[in-house]
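The values are calculated or read from the model by the stated rules, or taken from the named source; none is laboratory data. Remember, it's a predicted structure, so these values are computed and weren't measured experimentally. When we count neighbours, we look across all protein chains shown, and the Cβ atoms used for this are built from the backbone with ideal geometry, even at glycine. In case anyone asks, the SASA skips ligands and DNA or RNA and just uses the protein heavy atoms, side chains included. Shrake-Rupley method; radii C 1.70, N 1.55, O 1.52, S 1.80 Å.
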Amino acid sequence: MQAIYNLHNFIDQLPDEVLSKLRELSVQRTLPDQESVYRQGSVSNEMYQICAGEVRLCNYSEDGKEMVVGSLKTGDCFGEMGLIDELPRSSYAITVGETKLSVLSKKHFLELYHQYPEIAKQLNLMLVHRLRLLWQHTEDASTLNLHQRIARTLLRLSYSHGQREPNNIYSISTSHEELGRMLGASRQSVSKELKALEKEGCIAVQYGKIFINNPIMLNAGYERLMGQEQLTPLYKEEDKN
């Protein structure tokens, strides 16, 4: 698994001079749980960095079914694409718990973007990484069955959102319903495949948590189904090695 630290964070990689100017022009905003940062179709006039909390990117079907596009954590940046291409928002951004954001207006973003070429360099790197992630998810959805997709999702989440437990075990705080929203599958179908992974000895399921009991087995069985090493964000710097 190719875990990339700060995959969704281009700001903290900027030179000190540029970072200082960006911070000076940004404003702080605190939002409560389940608050919309923006909605699909709204005007793109700001970009954001998460200072504390979490943001869920999602869309909804005509019958109201939610599909989770991504989950962003502290340090992650989002909302910058609309400032570049001037198109409306393509998804909803919803807070998960109280969330603190650093907000940069479109006007100030464009001023800095044209003044400092380092911003474009770091943005390009972040967007290329996101494109690779999108390719992986598209490939999974078009070629793998649900059992394989769930296994690979858990493998990625163990790196990006997992908590290290004793004996090289990782726990992921998620529910069957949340996994279903990520994968476009019913809760019942997800439960069935999780039970199959339990029988294989890869995981253990408890209420609100999934434990990766055998990361080596999960990795060996499901990472390279399409040949290439998988890519995932990494949030804890101490796990880089």
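Relative contact order of the chain, please, whole-number percent, based on alpha carbon pairs below 8 angstrom and at least 6 residues apart. Provide the component values of the computation, followed by the final result.
Numbers: 408 pairs, mean separation 61.2, N = 241.
25 percent.
In debye, nearest 20, what is the charge dipole magnitude of the chain about its Cα centre with +1 on Lys and Arg Cβ and -1 on Asp and Glu Cβ, if you could check? Walk me through the numbers on the way to the answer.
Details: 27 positive and 31 negative charges, 82 e Å.
Dipole magnitude for the chain comes out near 400 debye.
In a GNM of the chain with a 10 Å cut-off on Cα contacts, which of I94, I216, I50 has the highest mean-square fluctuation?
The residue with the greatest mean-square fluctuation here is I216.
Using the Kirkwood formula on the Cα atoms of segment 173-241, what hydrodynamic radius do you get, in angstrom to one decimal? Could the numbers behind the result be given before it?
Values: mean 1/r = 0.0735 Å⁻¹.
Result for segment 173-241 stands at 13.6 Å.
With everything on Cα atoms, drop me the angle between helix 146-160 and the longest principal axis of the chain, reported from 0 to 90° to the nearest 10.
Once rounded, one gets 50 degrees.
Leaving out ligands, DNA and RNA but keeping every protein chain, what accessible area does H161 have, in Å² rounded to the nearest 10, with a 1.4 Å probe?
Roughly 40 Å² of H161 is accessible to a 1.4 Å probe.
How long are the semi-axes of the equivalent ellipsoid of segment 29-95, taking √(5λ) for every eigenvalue λ of the Cα gyration tensor, in whole Å from largest down? Before the final figure, lay out each step's value.
Values: eigenvalues 63, 53, 20 Å².
After diagonalising the Cα gyration tensor, the semi-axes are 18, 16, 10 Å.
What list of whole percents do you get for P(r) of the chain, with Cα-Cα distances grouped in 5 Å bins up to the one holding the largest distance?
Bin by bin from 0 Å, the calculated values are 1, 6, 12, 17, 19, 17, 12, 8, 5, 2, 0, 0.
Quick check: at a probe of 1.4 Å, how many percent of the accessible area of the chain sits on carbon and sulfur atoms?
On the way: 6460 of 12760 Å².
With neighbouring chains kept in place, the figure for the chain is 51 percent.
If you filter segment 24-59 for GluC sites (Glu not before Pro), then keep DSSP loop positions with at most 10 other Cβ within 10 Å, what is left?
Values: sites: E24, E35, E46, E54; in loops: E35, E54.
Nothing satisfies the criteria.
Just name one of Q230, I11, S191: the one whose Cα is farthest towards the positive end of the charge dipole of the chain (beta-carbon charges, Lys/Arg +1, Asp/Glu -1).
Working it through, the farthest residue towards the positive pole turns out to be S191.
Sort S90, S160 by heavy-atom solvent-accessible area, probe 1.4 angstrom, most to least.
Order by accessible area, largest first: S90, S160.
State the extension gain, in nm to one decimal, for the chain segment bounded by R187 and R130, taking 0.36 nm per residue of separation less the distance between their alpha-carbons. Before the final figure, lay out each step's value.
Values: separation 57, 0.36 × 57 = 20.52 nm, distance 2.73 nm.
The R187-R130 span can extend by a further 17.8 nm.
Work out the length of the dipole vector of segment 169-241 about its Cα centre, built from +1 on the beta-carbon of each Lys and Arg and -1 on the beta-carbon of each Asp and Glu, and round it to the nearest 20 debye. It would help to have the intermediate numbers written out before the result.
Numbers: 9 positive and 10 negative charges, 54 e Å.
In debye, rounded to 20, segment 169-241 gives about 260.
Taking only protein heavy atoms into account and a 1.4 Å probe, give the accessible area per residue of the chain in Å².
Numbers: 12760 Å² over 241 residues.
So the chain comes to 53 Å² accessible per residue, rounded to a whole number.
Mean projection of the alpha-carbon convex hull of segment 92-170 over all orientations, in nm²? Could the numbers behind the result be given before it?
Numbers: hull surface 34.8 nm².
The Cα convex hull of segment 92-170, projected and averaged over all directions, gives 8.7 nm².
For R164, R156, write out the residues from largest to smallest accessible area, computed with a 1.4 angstrom probe and no ligands counted. Display every interim value, and only then the final one.
On the way: R164 135, R156 15 Å².
Highest to lowest solvent-accessible surface, that is R164, R156.
Would you mind calculating the relative contact order of segment 96-207 from Cα pairs under 8 angstrom and at least 6 residues apart, reporting the percent as a whole number?
Numbers: 48 pairs, mean separation 17.1, N = 112.
Over segment 96-207, the number comes to 15 percent.
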